[in-house]
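Structure first, commentary second.
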Amino acid sequence: MSDAFTVLWTHDTCRALRKTGRVGERPPVAFSGVHSSLPAWSGARVGDEVYALHVNRCAVFVVSRMQVIDRERRGCCGTAPETWQEPAFPGHGDWSMLGAGGCGAAAVHVDATPVRFDTPIPGDLLAGLTWRNRRGQTRGLKYVVDGRLERSVSLQGFYRLTPESADELAKVVGNALRAVA
């Protein structure tokens, strides 16, 4: 059975996506890292879904839903660098803002929905979202007040959703995709 996760994309990442014209495009890759500069996708396996989230003015948006295809360096990644001065993934330069230059970055190839910034998570759903750790303990979001996220600290990282919360986010994304079609 596949799992679902969330990852928080920062303002800098989302600004770069907009600036480089990636809105409406499907990212072919995301990046995992061993350093705190990047989220570690260590729990994700092939077939798992990852919801890229963004917080803007206390609202949480689903930017893209990505399904993990593989976690291997492939030909599309380009030649591995010989020195630290060379780009780590020259084949994915268009998507480098997703963490290609991060410390210990590793490519995670994905099948993703288009990048968009107009799919908010409703406030009542936001307050009810839950995540579970490997020991099965669950937790919700902290700092949700009147359906608004006052602080994003409990979203920062790479976290496994409970199956119920994954289903709810899937509905949010599905409704947004149907509205566009």
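Laboratory data are not the source of any read-out in this text; all were calculated from the coordinates shown. Only a predicted model underlies this, so the values are computations on that prediction, with no experimental measurement involved. Reconstructed Cβ throughout: ideal geometry from the backbone, glycine too, with neighbour counts over all protein chains shown.
Given (1) at positive phi; (2) in a helix (DSSP H, G or I); (3) not basic (Lys, Arg), identify the lone condition not met by Gly136.
Result: Gly136 fails condition (2) only.
Mind checking which pairs have a first residue in segment 84-107 that is under 22 Å from Leu8 (Cα atoms) and a second that is of a type in the set (Val, Ile, Thr), Cβ under 6 Å, 6 or more apart or different chains?
That search, which allows pairs on different chains as well, returns His92/Val29; Trp95/Val29; Met97/Thr13; Gly104/Val34; Ala107/Val29.
I want to confirm something. Restricting to segment 116-160 and keeping residues that are of a type in the set (Lys, Arg), exposed (fewer than 13 other Cβ atoms within 10 Å of the Cβ) and in contact with a Lys or Arg (Cβ under 9 Å, 6 or more places away or on another chain), which single residue is nearest to Arg18 (Cα to Cα)?
Lys142
Just one of the numbered conditions (1) surrounded by 14 or more Cβ atoms within 10 Å (Cβ to Cβ); (2) touching an Asp or Glu at 6+ places or on another chain (Cβ under 7 Å) is not true of Arg71; which one?
With respect to (1) surrounded by 14 or more Cβ atoms within 10 Å (Cβ to Cβ); (2) touching an Asp or Glu at 6+ places or on another chain (Cβ under 7 Å), Arg71 is out only on (2).
With the requirement that a residue be among the β-branched types (Val, Ile, Thr) and free of Cβ contacts under 8 Å to residues at least 60 places away in the same chain, what does segment 108-149 give you?
Those that are among the β-branched types (Val, Ile, Thr) and free of Cβ contacts under 8 Å to residues at least 60 places away in the same chain: Thr119, Thr130, Thr138, Val144, Val145.
Do you know which of the residues in segment 171-181 that are closer than 15 Å to Val63 by Cβ and under 18 Å from the mean Cα position of the chain (by Cα) is surrounded by the fewest Cβ atoms within 10 Å (Cβ to Cβ)?
Leu177
For segment 40-62, enumerate the residues that are more than 13 Å from the chain's Cα centre (by Cα) and not polar (S, T, N, Q).
Passing the criteria: Gly43, Arg45, Val46, Gly47, Arg57, Cys58, Ala59.
Within segment 51-93, work out how many residues are in a helix (DSSP H, G or I) and either closer than 19 Å to Ala4 by Cα or out of contact with any Pro (no Cβ under 9 Å at 6 or more places or on another chain) (or both).
Total satisfying the criteria: 2.
Restricting attention to segment 8-39, and to residues there that are of a type in the set (Val, Ile, Thr) and assigned to a loop (DSSP other than H, G, I, E, B), which single residue is nearest to the chain's Cα centre (by Cα)?
Within segment 8-39, the match that is nearest to the chain's Cα centre (by Cα) is Thr10.
Find the residue count for segment 139-181, including only residues that are among the hydroxyl-bearing types (Ser, Thr, Tyr) and outside any helix (DSSP H, G or I).
Of the residues in that region, 4 qualify.
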